[in-house]
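Report on the structure given below.
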Amino acid sequence: MIEITLPDGSKRPFDHPVTVQEVAASIGAGLAKATLAGKVDGQLVDAGFPIGHDASVQIITEKSPEALEILRHSTAHLMGQAVQRLFPGAQVTIGPVIDNGFYYDFAYERPFTPEDLPKIEAEMHRIVDERLPVTRSVKSRDAAVAFFRGLGEEYKAEIIEGIPANEELSLYTQGEFTDLCRGPHVPNTGKLHSFKLMKVAGAYWRGDSSNAMLTRIYGTAWLNDKDLKAYLYQLEEAEKRDHRKIGKQLDLFHQQEESPGMVFWHANGWAIWQQLEQYMRGVYQKSGYQEVRCPQILDVSLWKKSGHWDNYKENMFFTESEKRTFAVKPMNCPGHVLVYNQGLHSYRELPIRIAEFGSCTRNEPSGALHGIMRVRAFTQDDGHIFCTPGQIESEVTAFHAQAMQVYADFGFDKIEVALALRPDKRIGGDDVWDRAEAALRAALSRAGVQWTELPGEGAFYGPKIEYHMRDSIGRDWQVGTMQVDFMMPERLGAEYVDENSQKQHPVMLHRAIVGSMERFIGILLEHYAGALPTWLAPVQVVVLNITDAHAAYAGQVAQTLVDRGFRAQVDLRNEKVGYKIREHAMQKVPYLIVVGDREKETGTVAVRTRTGEDLGNMNVDGFIERMGTETRH
């Protein structure tokens, strides 16, 4: 007798071994039809997995969090089968699931092209209609090598030869197609219906440029057509909102090969930067931070003491002078410890909060660079709090409230919180990490926050809270962090005198709200499609004259606005006013003021918005009051 325990605690007896699919069928025909896979004693398995002992069983359907990855992995196999049907002799190599989809690398006599994708996709749909059963088999390593060599799959055989000889390997077969895979997979190809092939790219075998060039085909797969359409719409919108295009259109910044991964800010872009910096400086001042400025290069011995040398040196730039090696700082934290160390501190002074718009440089791979979103030189709204262990919870709770207000002020109202836990490569013992992780959990609980946990994704010196903002087209961006660090203050000799006159090492809290200023500006540009709120816009208002007779009055109005602190310009070009309105609206200027005979005579202005809304005539003071309301932060 076998007893199956279901997630609700109920039990079902069977007098013979059963599969996950049969367990589902015993519950109901609807569940059996919806079954994609299962979990047996917490382990993901295929729907056909045989259960020969007492076990807890969970049925995986499209409603399960694991469903999407299973569907995507199965759709990758579907694509591999379609390619081999259409292009006999094509070899499949590696085909993993990635964010929002999957890819497969293929070896063929010619590269695949975008024109091949519709044919491959059509064949995939034909295979779906065939509802081919997907079955799992097990082979030894050597048997698997021989099997794939017999199919002419030399790349697959090479992969398997690198696996230890004593391991048994699982293979999945659907129709004439078989591939090496851990699984699980859907029961049959009929379960796959919402997918699209996206693009082709070149990829070297095993990422080595000395190896053969393969063709990588990318695809996406979703639970249903609605989700697929939403994703494709998001991609279309993301293309329109690409911050690199907006940066060029609005003359904000540029990048070039003379300084790869670094940004040349133009006047308009720097105006946005200044608004962001001044806003964040106000946040610092309200929260009791001392703003400092530290050197860009520091002796490499400091980075060895801090732990960066052993854990981060591959991402650092170095320079030499007078037979000394220096590192261009990738992070601001060691410098802030050195500032803290200038003087003896009492527990009564803590917490001490140090902030800096700190410029950092990291040796990011060239292939990872992406506009101003991923750069080598960037500036952080960085801060470090030196406190006692008993102050961690209150400081983290206060930071959380502060961060949420900042995100709201920038127009983001959907924020997810995650807790990144100890990575494999780290400094400090497990007892220190236990304390640090417990402190962050306690602070999040105190703040009434729900969070997810990310094992292995903490910094090498401590766990961290991550803030993920959702933008206007549904994408999530990881921005702010709060990290607890017991190790660096000790390594760099930071101390305070406690209430018993004993010297102790403070806890160091690493915090940032917007993170990289460059990246945050890129996010803002894409979130607002370049049409930034009035308080952030590089030019807030342009005054346009109708004829030369109105030029002096237009200049007077513009100067009045400038004197009142607004970023105003005047356009006196000898062009039709309609042309000038369209041009400045395309530049996303929030307000366009037109002045003609009536406005000049009455001392008023005719106001339009960048969206074409006509706000009519108003006096200058009334317009200034409206602007003041929109720019007050």
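The values are calculated or read from the model by the stated rules, or taken from the named source; none is laboratory data. All figures in this text were calculated on a predicted structure; none of them were measured in a lab. Cβ atoms come from the backbone with ideal geometry, glycine included; neighbour counts cover every protein chain shown.
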State all residues of the range 4-27 that are among the acidic types (Asp, Glu) and either surrounded by 10 or more Cβ atoms within 10 Å (Cβ to Cβ) or part of a helix (DSSP H, G or I) (or both); if no residue qualifies, say none. Glu22
Residues of the range 361-387 that turn out to be under 30 Å from Tyr496 (Cα atoms) and touching a helix residue (DSSP H, G or I) at 6+ places or on another chain (Cβ under 6 Å), as a count: 6
Hey, among Gly219, Gly202, which residue is in contact (Cβ under 8 Å) with a residue 40 or more places away in the chain, surrounded by fewer than 13 Cβ atoms within 10 Å (Cβ to Cβ) and in a strand (DSSP E or B)? Gly202
Can you pull out every residue in the range 222-264 that is more than 21 Å from the chain's Cα centre (by Cα) and crowded, with 18+ Cβ neighbours inside 10 Å? Leu250, Leu252, Phe253
I'm trying to understand the selection: among the residues of the range 378-437, which are crowded, with 16+ Cβ neighbours inside 10 Å, outside any helix (DSSP H, G or I), more than 21 Å from the chain's Cα centre (by Cα) and touching a residue at least 60 places away in the same chain (Cβ under 8 Å)? Gly383, His384, Ile385, Phe386, Cys387, Thr388, Arg426, Ile427
Checked the range 538-581 for anything surrounded by 16 or more Cβ atoms within 10 Å (Cβ to Cβ) and in contact (Cβ under 8 Å) with a residue 60 or more places away in the chain; matches are Pro538, Val539, Gln540, Val541, Val543, Val557, Thr560, Leu561, Phe566, Arg567
Val570 being touching a Gly at 6+ places or on another chain (Cβ under 6 Å), under 30 Å from Thr602 (Cα atoms) and either assigned to a loop (DSSP other than H, G, I, E, B) or at pLDDT 95 or above (or both): yes
Scanning for something assigned to a loop (DSSP other than H, G, I, E, B), touching a Phe, Trp or Tyr at 6+ places or on another chain (Cβ under 6 Å) and charged (D, E, K, R), does the range 486-498 turn up at least one residue? yes
Please determine, by comparing only the residues of the range 98-115 that are closer than 12 Å to Ala221 by Cβ and aromatic (Phe, Trp, Tyr), which one is nearest to the chain's Cα centre (by Cα). Phe102
Give Gly30, Gly95, Gly89 a once-over and let me know the one that is of a type in the set (Gly, Ala, Ser) and part of a helix (DSSP H, G or I). Gly30
By residue number, the members of the range 358-377 that are touching a Lys or Arg at 6+ places or on another chain (Cβ under 8 Å) and either part of a helix (DSSP H, G or I) or of a type in the set (Asp, Glu) (or both) are Glu364, Ala368
Restricting the range 64-75 to residues that are in contact (Cβ under 8 Å) with a residue 12 or more places away in the chain and part of a loop (DSSP other than H, G, I, E, B), which is nearest to the chain's Cα centre (by Cα)? Glu66
Report yes if Phe520 is at pLDDT 95 or above, surrounded by 21 or more Cβ atoms within 10 Å (Cβ to Cβ) and not basic (Lys, Arg), otherwise no. yes
